[in-house]
Amino acid sequence: MINKIYEEILNQFKQADSNKRICVMGVGSDLRGDDVAGLIIADELVRKRPPELKDKLSVIYASTAPENFTGEIKKIAPSHLIIVDCAELGAEAGEVRIINESDIGGVSFSTHSLPISIIIDYLKQDINFKAIIIGIQPVNTSFGVEPSDKVLKACDLVCETIIKVCKNA
């Protein structure tokens, strides 16, 4: 699965200019089981980000209010904004998918109230960037449960993939 996700993300990078500034925004709630996926990935990226990517790869831990970080994203002015969140994809638990901007309205994201599409549209008024939305199918997003093994494995895959893509972009 890593090769498929890697190729999909890398193809999105190839469509943009050579001066790449990547911002990853992890979204979710650490109180609702698998909904923590985006936050786990943000934490892991900060811990595992190689020194050569420090200036190229920014990470935002957005929790359940990604709209509160639009000012920070504007300051970064990324060429690519990767949004990672738990999403109801109608897929098998732990499955990872790249969600096209045009398809984002048909996907149910978990805990944040402002749709990701509105945040992207708002940011695009001031920044020219490519949005890449990564959704991870949850097992359980109930309050107080631990994240599932399938979603934790997906988080490792996504983190590894983002670092690999950023090194090769």
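Taking only segment 24-48 into account, find how many residues are in contact (Cβ under 8 Å) with a residue 40 or more places away in the chain and either touching a strand residue (DSSP E or B) at 6+ places or on another chain (Cβ under 6 Å) or on the phi > 0 side of the Ramachandran plot (or both). Before the answer, list the steps.
Let us first name the residues in segment 24-48 that are in contact (Cβ under 8 Å) with a residue 40 or more places away in the chain, namely 24-29, 31-38, 40-42, 44-45, 48.
Subset that is either touching a strand residue (DSSP E or B) at 6+ places or on another chain (Cβ under 6 Å) or on the phi > 0 side of the Ramachandran plot (or both): 24-28, 33-35, 37-38, 41-42, 45.
Adding up the residues that qualify gives 13.
Within segment 136-147, does at least one residue satisfy the condition of being within 15 Å of the chain's Cα centre (by Cα) and small (Gly, Ala, Ser)?
Within segment 136-147 (the criterion being within 15 Å of the chain's Cα centre (by Cα) and small (Gly, Ala, Ser)), the answer is no, since none of the residues qualifies.
Looking at (1) of a type outside the set (A, V, I, L, M, F, W, C); (2) modelled with pLDDT under 95; (3) over 24 Å from LYS153 (Cα atoms), which one does THR70 not meet, given that it meets all the others?
Condition (2) is where THR70 drops out.
With the requirement that a residue be of a type in the set (Val, Ile, Thr), assigned to a loop (DSSP other than H, G, I, E, B) and under 20 Å from ALA91 (Cβ atoms), what does segment 120-166 give you? Before the answer, list the steps.
Taking segment 120-166 first, the residues of a type in the set (Val, Ile, Thr) are 120, 127, 132-134, 136, 139, 141, 145, 151, 158, 161-163, 165.
Right, trim to assigned to a loop (DSSP other than H, G, I, E, B) and you get 127, 139, 141, 145.
Matches in segment 120-166: VAL139, THR141, VAL145.
Scan (1) modelled with pLDDT of 95 or more; (2) of a type outside the set (D, E, K, R); (3) closer than 18 Å to ILE120 by Cβ for the single condition GLN15 breaks and write down its number.
(1)
Just the residues that are basic (Lys, Arg) and crowded, with 17+ Cβ neighbours inside 10 Å, please, taken from segment 17-69.
The initial filter retains those residues of segment 17-69 that are basic (Lys, Arg), namely 20-21, 32, 47-49, 54, 56.
Answer for segment 17-69, where residues must be basic (Lys, Arg) and crowded, with 17+ Cβ neighbours inside 10 Å: ARG32, ARG49, LYS56.
The values are calculated or read from the model by the stated rules, or taken from the named source; none is laboratory data. In this text the structure is predicted, and so the values were computed from the model without any measurement. Positions of Cβ are backbone-derived with ideal geometry, glycine not excepted, and every protein chain shown enters the neighbour counts.
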